[in-house]
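Participant: What follows is a structure written as structure tokens; I'll ask about it next.
Derivation of every value follows stated rules applied to the coordinates shown; laboratory data play no part. Computed from a predicted structure; not experimentally measured.
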Amino acid sequence: MGVGLDERCKGLPPGAVYVASFISPDEEAVLVRHLDKGGWSAELKRRVQHFGYRYDYRARAVSPDACLGPLPEWLRAVSGRLVSAGVLGGFPDQVIANEYLPGQGIRAHIDCVPCFGERIVSLSLLSPCEMVFRQKQSGEKLAVLLEPRSVLAMTGPARYQWTHEIPARLSDRVDGAKVERARRISLTFRTVVETTRPVKGAGCAKGRRAATCCMPAKPGVIGRQFPAWRAGHRSDRRSGLPFRRSRASGPR
């Protein structure tokens with residue numbers, strides 16, 4: 001991985017990587033503005049937004065009519081930053097934004113295995129909170145404080161053999177100190193696997209091009225690549241984000 005790893009990685013499950021201060025406060029503010037201009041859904045106890053594909057929480061599946069269209073430019077810019085840093089191996093095609101107010105959390109779970117690829121990446125915004133990991137077989141418990149602007153990547157055992165959760169509480173106790181929670185937003189970057197992705201032309205939002213919205217994955221490839229995004233800083237300028245992307249920021 002091309003970024004500096006945090007010491008907290010040593011206390012995480014195998015396959016989990018934590019990177020502090022992945023983006024700047026100014027970049028964080030731009031992302032929050034984009035999200036708050038969008039349509040928050042109250043389908044859960046916490047508010048959510050879906051990009052790329054809608055995830056069906058009840059069915060725990062990505063259904064054939066789930067395609068919402070390509071990721072918006074500002075999320076493509078963040079994706080390029082993650083790929084360039086080596087946090088993601090390729091561009092994601094699905095992002096979920098979750099808003100957590102003080103007292104809200106998410107129960108222990110493993111991201112849908114039939115739905116999403118081998119790497120899950122989460123970017124935390126605004127407020128710190130503790131995430132708890134539990135090994136499914138042994139019950140071993142580990143925890144990490146997710147700071148604002150940090151990134152957590154999960155693959156291998158951390159992705160498939162450990163559950164992760166955010167306890168629903170107003171504050172966390174870290175190293176004996178009480179850490180109050182405030183509004184927090186997480187952006188989770190994922191890739192829809194070939195077996196659950198809609199076929200070309202199925203379920204695309206009105207006005208979307210099917211060729212870019214619901215393109216089937218190539219045989220043996222998990223996830224959809226976006227060669228049109230290889231062009232330098234162009235996507236970043238359109239998104240309004242101050243991210244700088246290297247020549248290596250395209251799909252790999």
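Participant: Need the list of aspartates and glutamates near LYS141 for cross-linking: C-alpha distance under 12 angstrom, and skip anything on the same chain fewer than eight residues off.
Facilitator: Hits, sequence-local ones excluded: GLU165.
Participant: Once fully extended, how much extra length lies between GLU140 and ASP36, figured as 0.36 nm per residue of separation less the alpha-carbon to alpha-carbon distance?
Facilitator: Working it through step by step, the gained length comes to 33.7 nm.
Participant: Also, quick follow-up: How far is the Cα center of segment 33-69 from the Cα center of segment 92-106, in Å?
Facilitator: Result: 10 Å between the Cα centres.
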